[in-house]
Every structure is written in structure tokens, then in C-alpha cells.
1. So which residues in the stretch A:225-282 are part of a loop (DSSP other than H, G, I, E, B), under 19 Å from residue A:325 (Cα atoms) and within 14 Å of another protein chain (Cβ to nearest Cβ), if there are any at all?
2. Kindly indicate whether residue B:209 is free of Cβ contacts under 8 Å to residues at least 12 places away in the same chain and more than 14 Å from chain D (Cβ to nearest Cβ).
3. On the given criteria, is residue A:197 surrounded by fewer than 24 Cβ atoms within 10 Å (Cβ to Cβ) and in contact with a helix residue (DSSP H, G or I) (Cβ under 8 Å, 6 or more places away or on another chain)?
4. Is at least one residue of the stretch D:84-102 over 27 Å from residue B:198 (Cβ atoms), surrounded by 21 or more Cβ atoms within 10 Å (Cβ to Cβ) and at pLDDT 95 or above?
5. Taking the stretch C:289-309 as the region of interest, how many residues are more than 17 Å from residue C:165 (Cβ to Cβ) and more than 14 Å from chain D (Cβ to nearest Cβ)?
6. What are the residues in the stretch D:179-193 that are surrounded by fewer than 22 Cβ atoms within 10 Å (Cβ to Cβ), touching a residue at least 60 places away in the same chain (Cβ under 8 Å) and over 18 Å from the mean Cα position of the chain (by Cα), if any?
7. Output yes when any residue across the stretch B:118-133 is in the same structural domain as residue B:11 (by TED's automatic domain parsing), under 14 Å from the mean Cα position of the chain (by Cα) and farther than 15 Å from residue B:357 by Cα, and no when none is.
């Protein structure tokens, strides 16, 4: 029985921070000890600083933790730091943490496009964490101090999109073209204020700022390969894969639904049954590593023609499993299907926890 | 000042029938005199037979009309009969009406696929009504009685899809490939019971029985040309246009949102600005004919990046105008855009009224 | 044909201000010429300053009006000024306007509790406007300049509550006890951000800050009598009427539903039929004065047992009519019933317009 | 380790039946062996007969159970039978089961008003189960076969109402008058079709057939005492307690919110703090008996002024705990407060399970 790793949370009073805290309560690998938030909250007991808005109660252990400011010194004993910071603040703070030798798993978008930073959906491309391993090994070899590093969690809607792509590409070769139209839950926009009620009752908002670009770009990084020098990721080029996203906000609390279509490069394309079997057979590396939060079934292939539905299917495997339904031929590309993922679990805080579990399994933290 | 044409409504107590009645109240061209419904309702005053579920009050004139059974004899004085019958009943009843020489405009799907029956979105392909004109002229020439005929209203989600296609095809030539992912309002499914509340609160249903096939097929008929003998429509073939639809039911009362993408056959494709200008410039024939319900602006091209939205934009031009927003280039096909149409107006009963106005303007009724 | 009165709107970019503008478009009595907003908006064309969020399009006439700052000088030619200012700003601005001799009809709460300021629900207590008449007459008699004045619009949920009370008290005498539990629409909280979507999807918030106190207090003023000196309103005392409110925010866009119970002081209490007849027979003074916006039927007494419903009934008489249903005996007090009123019409901007129409009919503006 | 009791479920394919099955999966006391449904389903595997609509997956153990018809013979080995039958069918079937010596816990309303049948909210009046104990003891004493019996689960909205009343009456004496206005979730109406989506999106329905009468009547039975002969319940009379309910259906999936007011008979009334402390201190008998499903905290007294909220608070103690907030003085009666209860747990199937656990703890099954 080895001791638990010490964890900290940046942006602890925000919606992502609250989810990190819930997921770290009673976690077998991590003990949450440090909570960082804005100067306004620093110095208060967490229960006094937070406007708790989760459906689960605020865990007892967290109530009396004194909130600290977001500086590296306060987190110096942390083996891993989970960042739920807003993008407005995450840039310099996370940089400071990395320079101080800390290991950061971040939900912010600030460093996602840096090619030497792994952008990881833990049920899809944990192999990109090898960049971290190489960095650590190189420092060790050179007799340097253990370096800090950052791993970025993908955008929530990207996570659902790439989940089924990984096994398909592994089995049937590269994808030539990919389209997705999303129906995204409002929890993805946070709470204060997040999506205004008047925008979303009896309504759809066919636009989420920056989201389509994120999905199109991140997909090319997540499906990309590690460069030869093992220091960066080689993105897929526009010639290698064409990706088109159309993003909508819908009146759903949790769970992103995506209607996707795709065409393989190789001819003949596989059959519908082959596609479904491939998805069903997929076991993600996190499951193979027996990580605590890894889904038992990575991809649930549903046969009822009106599934997946967010209210009924978002909590499969505690939100770490992705559901795929209605796999069928597409008159324009090869296949179309519906993908459902839990945006605050596999699409945000939950992904961070599972990434940390993988880092631990690989002895990177 | 000529007398108003006499109108009847079949399926008068249903949700489509109720909408026909609302739209015919105070209509300058039509006077609603006959209401037909199931044997259970026949003989009752309309106000006693109907479970009125509209946001407008039941018009006074309709309250005391005695509901009749749906037989041609009872409608024999009608210049036009609007059918809101369920598909389960519409087949033989509408057939009987046509054989009795009546002019039927039907929202039911039963005869949509018959190639000698015009399938009309009145702001898109009223020229298909020439089949009716030919039939009438031929009978006249042969000294026969004036024949009955049927015109079918398209499926609600098809109407929104084809609205922007018409002017684009006219200006830039044929479309090679077309995809649409719909976010459809629940009013499209009627009231009793329609979409159950438990299916649609905090939820999406990524399936509407038969809808995708309807959209793919009807598009090929509506964009098709009149055959040389002027007795039928030549559908576009799969080689001429590839259409792929993914249909979702969302928690919205009225207004279908569609995220569409398309590729033209001709190269080079037009620019985004050319596409938007083309849509803006489009004046539908019904407007040129100065039909009472014709939209002042057929297609509203919105420039705000978060529009159209169903709650805010569905009532433009009383629901007869279609809104298009976010016209932009598509990495996979040529363009993507968001289309919003009012499913119970231009997608159902309202389309029927406008079709009848066009029939009248052309002296077909 | 006399010229239209000149109108201005304070807080023109906010949600109440937007409603004022819509209601003043094509109004027969008023011509909207001045739009005031925050310094951030001042100097811009209205169409550039506003984030228009109404289901009706921004009226053409308003688009090019240059927004001004909220000072009395800019509004000096206005015969009436409608204020949609936030309470945070309304206090000193409205005071300045009154001191400058302007006639203000305000939706802000700041001066509602001043006993010399009429607090008016126009279909209920327009007689309280006599305070204005007295003030104007006194100044005239004294040879002074025409004084400015302010009339306050009631809180939105108060409007629905007192509407049925007025005729009942007139006919059956004072009410001893009154309870209301409200189910209030989110449009009452405005747009930016108003009620957050995460608070209201699949949820109820059983609290609206200050609302219960407002309802309990305002009812006592609105049902109160004009003092003998005609300079103030005598509130009903707690002994004269006990009022208890419980306020909830519910997932409805527009329309406040209230479940009310009441007990009369006089015994025996009237019958259910007498109560319903009394409500049906009520004709508000605004209707007698033939004001343009006055409801044709002030109170709609509905007999279907599942009505009124906000989506179906909120727009009766363009939102100026109030609907009452389920009038029945109450085992605890005398009667219970359900009241529905349109919160942004008779409960806010619409009430302001109708108040101004009454002021005009009485030659107070 | 004694063997588990054998359980059966009547109406197993319906929404209440599905909930029984979920709650019995992995239950330490009961083993579900028999599933009864309509003749249409009988003979099929459960997984083939049911349209599963729960957010939890259909438990593996239930999938292959062959559905039987609802006759006593098929359930003869059951120690307890949970009935989720519709009221249309429950009457004769449950009667047959009792006559066959079976122990039935029913969610149907058919026998609730029979004074010799306990009507039980398990966290409120399990002492009423003594009627069962007496019946069993009498039969034993007379050497007769063990008799069957029925225990009724209360109406869902009654459960939330009476939960806080029980400790208050015990401590502060009888209640003179009680009002409740409910905001009820749609899951209470089942699935097929339950509440139509068009009735509940952007809407409130201020009426639920029979519900107000049920709440008013059932409260008088549940708070009543066991008659001296221990064979029936003496209802409270209208003189002893006046109860008035106003019931509304709201757009919430699960969780009934109730705004209640009450007046005690005894003067002086307790203070707000005394009321809150009394509620906090309440430990229900089921908890004292250490029943598996008993809530750890029977009543959660919330201090945040905007709580309880259904989405955030309905799952406290797995839905067996009731939340009370906003306890405050009422200008008309003594106190007002907001009560939230989970309608499908403590208000329906969950109550049945906890009743059975109490029956077991008392050796009545």
C-alpha cells in the first residue's frame, strides 16, 4: 500500500474545479490537499468561498480546506495539479507552475496548440503522454532537476468526436473526410452565468464561439503521431483529413450529442457491421492499465434506433464511456452515426483525473 | 370583388386541422364552411368536438360549425379542401375526394411519392402545379367534367432544406452533394400524444421514424423537372444529387433548425458573398403573384453569428419566410449554413394555404 | 387629428426598454423620439448599441435614432418618458427628470413605496392617478410651472395578483386574507444574464430576491384609497388585509402563473358562480376610456379545468388581459383560483404604455 | 445469514415496475424472481417485453426472466409482491393476490381509502403497519392460514407534504390548517405517453386530475391514529385539520417541489428556529430499525435561501431523504416553507421497497 499522491486544484471554486473536487473525493490514488482560487476567495474556508452547484453534495473533506492563491509555492508539495482555471487567467499561472517543476493537467485551452504539449483524450490517445516521459527521462539522464510539464485536456466536444475515430483508424486506415454537427449541453459553458436561460428555453443557439475551430484543429492533433524526436506531435494535415464542425447549444443540462459522418481513404470501405464490431471491441489503454476511472466498456454500441439520448445514456461507465448509435451508411460520405459523451466527465474534469491516473500508472508522477 | 372560394378542412380536430382553421379565419380568398373529422366527432359543434391547443383562440366563426364525416358528398360545394388527416386515414378518403372531382391540398404523406402528384413547397416549386393545369386543360379540351386533383405539401423538414437550394441551383447550377442535420421542434409530431414529455425534457431524441428517408427522397422530387408530357415529375437521380439527412427531435416547441452543407457540381464554386446575395435576392413566385400569405422577404439572410434561433426568428413573415445564417465555407463540401423554418407554417398547414392561393391565382380552383 | 405626443425611453437597450420600443412602434398616440441609455451606448445608432433579443424584429424607425445619455436636457421635448432603467441607476436619474418638469412612467422599483407616488396597475387602480391630477391642478392654480411627476408600474407578479381582486372587493367587500404561490417566467429577470440556464433547465428555483415582500407590500398600496388631501395613498394595514406570497422561478419564457387563495371579511361569502360572474363582468376604466391598448375583456374566466396555461393563454388581448381559471372553494380560506398574466406586458412595459394612454385620456400629459 | 426473501413485481414493464426492478437489483433483503405484466408481454423475456426508459441500465439479472401473467398462482412463492399496476387493472388483481394469502405492497390508488388498509409513507407512519401485525397475529391465534394483506403507498405529492408534518405534530401538537401548492415533476405521470411534450415545454399545467383531492384526503389518513380495535385507521376530521392543495405540473423530470403553509392549533406557536430544529432532529423509525434504504438524514433543513431545488437536491439520501428550505413566518397562517421530495423514490417505488424492509424488520413478511 503506497501512499496516495498529493493533488491540488487550480480554479477550485469554478464549475470545472468543483467537478475535480467531487471526482477526487475518496479517490484511491490521490489525496486532494490544496485548493487555489482567485484572491477574492483566498484565505476563506472552501465552503465559505464556493457557490456549490453540483447535484452531489460538497464532500466533507473539502469544506474546511483554506483556499490559497494560485501561486506555485502554495502547491509545491503537490504531485499533480489539476487546473480548472478560466482561459483569461490560466496562461501565466500554469506557466509559472511548470517552471516550478510541477505536473499540471489542465482543462484550459491556453496551451493546447503548443505542439510539445500533449493534448489528450484519455480513452483515445494516452500514447501522446510519451512526450512527458521523454522529457522526464532526458532531464534525469542529464542530471537535471525533475522538470515540470503540462498535459492539456481536449475541448469537450472534441472528446466525443475522436473516441470512435481512434479504433476505426487503427483497423480500417485513415479517414479522408469527417463532418460533425453537435447538440451541446449547457453545462459546458459553466454557471456564472454560462448560457442565459432566455437563450436556451424553447430555443437553440446555432453558435458556440471558437468551438468549431477547436474541434477541427484538435482532431488533427489528437489523431496525429508523435514526431521522431519524441518532443512534439505531428498534426495531420488538411490533405490527410478534412474536418468540418457545426456546433449548436441545446436545452440539455449534461451530455453532448454529435451527428457525425465520415469517409475512409481506403477502398472498399468496411461494412456497417464491421464498423460496429470494431467499436465494440475497442479497449482503451487506460482500461488495460486498470486505471481506477477507466470505463469497463469504452464505446457502447447501441442497437435501439432512437439511442443514444443524453438523459438516458450520458452516465454509462460513470460518464467515462462513450455511446454510439445509429451506425448506418451515408449517401454522401461512407458512414453516419450518433455519438454521445458526457461533457463534464470525459470532456473535462473527468478526463483530467483519468489522465493523471495514466500518468501515475506510467510513473510520470 | 368576387366572392370568396369555399373551403373545407379534413381532419379538422387534429393539430394540422386546427392550424388550417386559424389560417383561414379572416382570409381574403377563402371562406371555411365544412369541417370534417372522425365519426366520433361528426354531428357535434366544432367547439364541442375539438380539444383546442393553439396559442391563438378558437375563431368565433368556427365554433358552431357542425362537424361532418369525411365523405366527398359533404364537401361537394368546396372549391378547395385542405386535408390534415393522419396518414392512417388519408389514403382512401383523399382518393374518394379526387374521384368526386374535388381539389385537395393535403398534408398527409400518402400520395407524395406518386410522380403525377405535385409535391410542393410554395416558396420553392409552385411551377410543379402545372401538372394540375395540364390535367384541367386536357379535360376541358376533351369536354370532360372538371377533374379532381391532389397537391401534396412536403414534409416539414424538407421545406426548410429546399428553400435556399432553389435560388442557388437557379443561379449556380446543380448541387452535387447535400447534407443536413436537423434539430426539429416537437409540434411537428402533433399533440395526442406527440412527443412524450419524458422523452424531450433535458433530452434529445436522435431519431424520427421515416424522416431521413422522406427528406432525402422529397428533395429529389421537389428539385426535379416536369416531364416532357407534363403529366409527372422527373426525380433527380442519385447520380445527379446525393442527399444525406440526420434528424433529431429537440426541446423546442416550434421551428426546425437545420445545419446544412452542400457542394455544387460546377467549378469554381461561388463565393460566400455570392451565395448570400443570391439568397437575399430571391423572390418566390407566390410573392410575384401577390398571394396574400406570400412572404415579403422569402429568405432572410442573417449576419449575426448566433442566428437564426427558433424562438427569435421562427415568426418572420408570419412563418412563411425562411431564415438562413452563418453562411460560410465548409472544409468538406463547399458551404455550410444554418436554416430555420417554421414547421407548422411553411412546413405544414401554412404551406397548404399558400398553395391554394397560388392555385387560385392561376385559376386552377 | 391632433399631433402625437412625443415619447422618450430611458434604459432603451435593456429588456424592458426594448419592449417599450416595440409597443411604441406604430402607436396612435405616441411618437418615440428619444432613446437614452448608458454612457457606453450614448452616441451610437440604436441598432449598433442594442443586443436585440425580442421575438419581433427591431422596428425600422428605431434603428437610426442616436442613443443619448440619460439626462433631462436630452428629453426636454418629451411629453412622456418611459423608464426601463435598472434600480441601480433609476433613483437619481428619475428624480432629475421629475425636477425638470418631465412626466415619467417608470418600471423601476425605486419610488414605488413613496406614498405620494401612484403605483398603478392600469387595469386595476388608474384612479390613483388622481394624485397627478391634483398636483397639476394645484400648480396651475398657484400660477407655477407645470410640475414633473412620476408614476410607478407595479412589480410584475403583483399585477396578476391584484387584477381579480379589484372587482371582487368592489362587489363583495374587503378581503381578509390572501395567499399566492407564484410560478414566474424567466423573462421577468431580463437577459444579461437574467436567470442562468443551469438554474432553470429541469429545475425550479423557489426564491426570487425581494419578490415576496414586494407582492405583499404593493398589494396593500394598490388596493388602498386616496388620502383625503389627495396627495398620497393610504395603504391598507396588516389588520385590514393579510397577504402572504411564495415566489418561484420556473422554466417558462413568458407568463406568470399564480395559485391564489382568499377569504372575504363579509359573511356569508359569495358563491363560486358569483365570483366568476363578477370577474367576467369587470370592465376596467382603461377600456371605458377607450384607450388604445386596453383589453377588450379585462379578465378571462376559463372553464376548462386545466387552464390557464402560460404558453396557450398569455397573449390574450395582446397580453393586457388576465386569465383566471379553476375558481373553486378552498377548505382553508374561501376560494382558490389560478391567475395568469403576461409579465412583460401587463406586468412591465405594456402597463407603462397603458398608464400613459390613461394619463393622456385624462389630459395629464 | 438468512436467505433473501423472494419478491415479485406486478406491472413490471411500466414506469413504476421498472423502478421496482432497479431498486431490487443487488438488494440485500430481497431477491426478485417473478415479473408479471399484461397478457401481451407474458411469455416473453423481460428484455424483449419492456421499453426500458430508466437512466440506469436494465440490470442483467432481470433480462432473461420470463414475464408471467398477473395471477396469484405464478407469484405463490413470493414473500412480498410489489405492485406497479395501473389503477385500471389493480383492483381485482390485487384482491386475488390478497385472497391467495400473498403480501402486497401497492403503488396503485385502488385500496388507499379502505380504512383497514394501511396507507404508508415509510419515513412518516410505519406504525400504521400494526394493522398488518394484528391481522397476522389474530389468524395465528385462531389457527388459521397466514392471511394475505395489502399495504398502500401514498400518492407521490402526499409523501412530500406529510414528511415534515409528522415531527412537527409530535412536538408541537396538532395542525389546524395546512395549504400546499405543488410544482410536480412529469415522471409522476409515467411514460406512455405521460405528460405530452407540447403540454410541458415552456408551459405549466395548473391541474392534475384527482391529485388535490388525494392530497387532502390522504393527509388525514396518514396523520390519523390506529383505531382502538387495531383493525382500521381513524381519519382526522375536517374539524381537526383543514387541508387545501393546488397542484401544478411543471417542466421538471424528477422531484416534486411544494410550497406549504401551516397553522398549529396550540398557542403560542413555536419559533422558526424551533421548527427547523425539530425537523433536523427527526429520525424516522425506518432509520432506527436500520432498514437498508432508510435515509441517514430523514429531513434535510437547508439554510441557503434559494434551496431546495429539484435538480440539485432530489437525490439526497438516494431520494429517500426529504429537503425543507425557506422556513419562515407566514402572515396568514403560522409558517411557510418549501419541501422537496423525490416522487419516484419516496413518492412511489422507493417507498414500496422501504415499506417492505420495515415489514421484514417487524417479521410481518
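1. A:252, A:254, A:255
2. Taking the combined requirement at face value, the residue satisfies it.
3. The answer is no for residue A:197.
4. Yes, some residue in the stretch D:84-102 is over 27 Å from residue B:198 (Cβ atoms), surrounded by 21 or more Cβ atoms within 10 Å (Cβ to Cβ) and at pLDDT 95 or above.
5. 8
6. Across the stretch D:179-193, the qualifying residues are D:191, D:192.
7. Yes, the stretch B:118-133 contains a residue that is in the same structural domain as residue B:11 (by TED's automatic domain parsing), under 14 Å from the mean Cα position of the chain (by Cα) and farther than 15 Å from residue B:357 by Cα.
Yes or no, residue by residue, for (1) within 20 Å of residue A:303 (Cβ to Cβ); (2) part of a loop (DSSP other than H, G, I, E, B):
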position: D:3; (1), (2): no, yes
position: D:8; (1), (2): no, no
position: D:34; (1), (2): no, no
position: D:54; (1), (2): yes, yes
position: D:58; (1), (2): yes, yes
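The values are calculated or read from the model by the stated rules, or taken from the named source; none is laboratory data. Values in this document were obtained by computation on a predicted structure and should not be read as measured data. Cβ atoms come from the backbone with ideal geometry, glycine included; neighbour counts cover every protein chain shown.
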